[in-house]
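Just so it is clear, none of the values below were taken in a lab; they were calculated from the coordinates. These figures come from a predicted structure and were not determined experimentally. Note: ideal-geometry Cβ built from the backbone for every residue, glycine included; neighbour counts use all protein chains shown.
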């Protein structure tokens, strides 16, 4: 087991005052909070910061931690003898999250001793989890096997983690950020009370072609300059099939064409937008160059900087 | 660790089909009633209906409430601060979508 240097995590000195610790925590928490910082790794960092603060902000826990720290041998695999004995802590009614604390924390302070369970709640807690799906799953619906770890309580109130697998049918038409409610699949009930619900938040795996905004899906479509000028019939890949799109003659770069109802399906299905992008062929020579020159000669009156001339 | 398999039959998309009562929203977020009432007072969530017993929350309230509760707990914000942050986070998400639309994605064809 690795010793965790909570002072280092918060970037404060060992003799930092309670105020210093609070300030350091708030600054770091704002920087790494997963609601504010979408970078990968932010959530893990935030949990470390939160754990460090949970210990250092509490005078009792901080004293116990300092005591262990003094007796800890650098590089030692084993904690000093008796290090987890005799510390008794109050409070700690945090939401039960099996991954909330490091092993180090749990060895020192125990695992969410659940005083919160003492007053029998009318109904068990709801449970939240995230599920990542592909855009195509939102078009067609999907089945997912989810492995969830949930605490269960035995007759003595001891906690053990139980793994369960849920087969979930994700309905077609679901959108990013929505929640699926699975009635009765949350935390188990107590004393015959009803179980909580399980909420699954939907996230979409990033897709190289499509960008999704609510129900609407956008695709960038590259065209040759002559296709944009003359109009063209182009095969457009949709998340769920493909369609022949006719591009009107004289289409400018960035023109947005709407395929009504081809977005994410639903009572009011979304639209699929095709944004045109004009790709240039390699620098021309020979006959190709002469063709472009002829084109230029025939368009002598066209001024691309004249807004009226642009479409 | 024990493992069990269960099949789930009843699934609802909260944002589409599940208008929530005050009690249901509290339950779904694991929040005290008084705190959720304060979130309403500060405009983080806006129920339909005249009085708490008849309030109905749109499904999207769930997301806003959960974010506000996390910010209150993790950043030790006060309620006006959390309300402001939730609004700003929504604005940022909208602007990022618009920015994504303006920027080029991957090309096809």
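Between the alpha-carbon centers of region A:160-228 and region A:32-55, tell me the distance in whole angstrom.
Answer, in whole Å: 23.
Just grab the label-to-label distance for residue B:12 and residue A:293, each label 7 Å out from Cα along the Cβ direction, in nm (one decimal).
7.3
Testing the spin-label approximation: label points 7 Å from Cα along Cα→Cβ at residue A:167 and residue A:303. State their distance in nm.
Distance between label points: 7.0 nm.
Efficiency by 1/(1 + (r/R0)^6): what FRET value for residue A:183 and residue B:93, r their Cβ-Cβ distance, R0 = 35 Å, to the nearest 0.05?
0.75
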